[in-house]
Amino acid sequence: MSPVLISDTGLAAEIAALINRVYCDAEKGIWLEGQSRTTEAEVAELVATGQIAVAWSGDRIVGSVRVQEIEDGVGEFGMLVAAPEERGTGIGTDLVSFAENWGREQGFAEMQLELLVPQTWEHPVKEFLRGWYTRTGYRLVRKDSLESAYPFLVPHLACPCDFLVFRKFLDPSK
């Protein structure tokens, strides 16, 4: 099933569990032990405000993405996850396409994403994602210190990190 925005906050626990399960592996070594990417309450709020889309396989949620407007003419997607057992089936690509189409429908000229990366070592998942996003048309527009942008996250890090900001122009004809 194609990804869809959802409004059922009753799905927040399942979505949060999926996000946390995927990020636990995808960001291994970046966060201190026991840290979670999100909470059921945060996901419920994002669902209630129309910012979460999910992909289904039968009656099971197998992927999700957050979409939002961050400034005039610019949307952003984040919290992109595909269930590990579904990798290679195109769910990630479908979710990114959904986010970009959502951005076009909103009249946005660009989409943005942020990628958290360690400063002193190369994380294999992050390097894979950097390459994937670049191949799909995203370009690095800046590198920021996590301390300056998200200081509240710094105490939870296992290593110093930066975040990379990527943007892509959206072709309105697609």
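Annotations for the structure displayed:
- Summing Cβ point charges (Lys, Arg +1; Asp, Glu -1) relative to the Cα centre of the chain gives a dipole of roughly 540 debye.
- For segment 79-90, Karplus couplings with θ = phi - 60° (6.51, -1.76, 1.60), whole Hz, Gly/Pro x: 6, 6, 9, 10, 4, x, 6, 10, 4, x, 9, x
- If the convex hull is drawn through the Cα atoms of segment 4-169, its volume per residue in Å³: 118 Å³
- Residues in the chain average 51 Å² of solvent-accessible surface per residue, probe 1.4 Å, ligands and nucleic acids excluded.
- Modelled FRET efficiency - R0 22 Å, ASP171 with LYS28, Cβ distances, 0.05 increments: 0.05
- Mean ellipticity per residue at 222 nm, deg cm²/dmol - from DSSP H runs of n ≥ 4 across the chain, formula -39500 (n - 2.57): -9500 deg cm²/dmol
- Around ALA55: net Lys/Arg minus Asp/Glu count, Cβ-Cβ under 14 Å: -2
- Accessible-area composition of the chain, carbon plus sulfur, in percent [1.4 Å probe]: 52 percent
The values are calculated or read from the model by the stated rules, or taken from the named source; none is laboratory data. These numbers come from a predicted model, not from an experiment. No Cβ is skipped: glycine too gets one built from the backbone with ideal geometry, and neighbour counts run over all protein chains shown. Side chains are part of the model used for accessible areas, which takes the heavy atoms of the whole protein and leaves out ligands, DNA and RNA. Shrake-Rupley method; radii C 1.70, N 1.55, O 1.52, S 1.80 Å.
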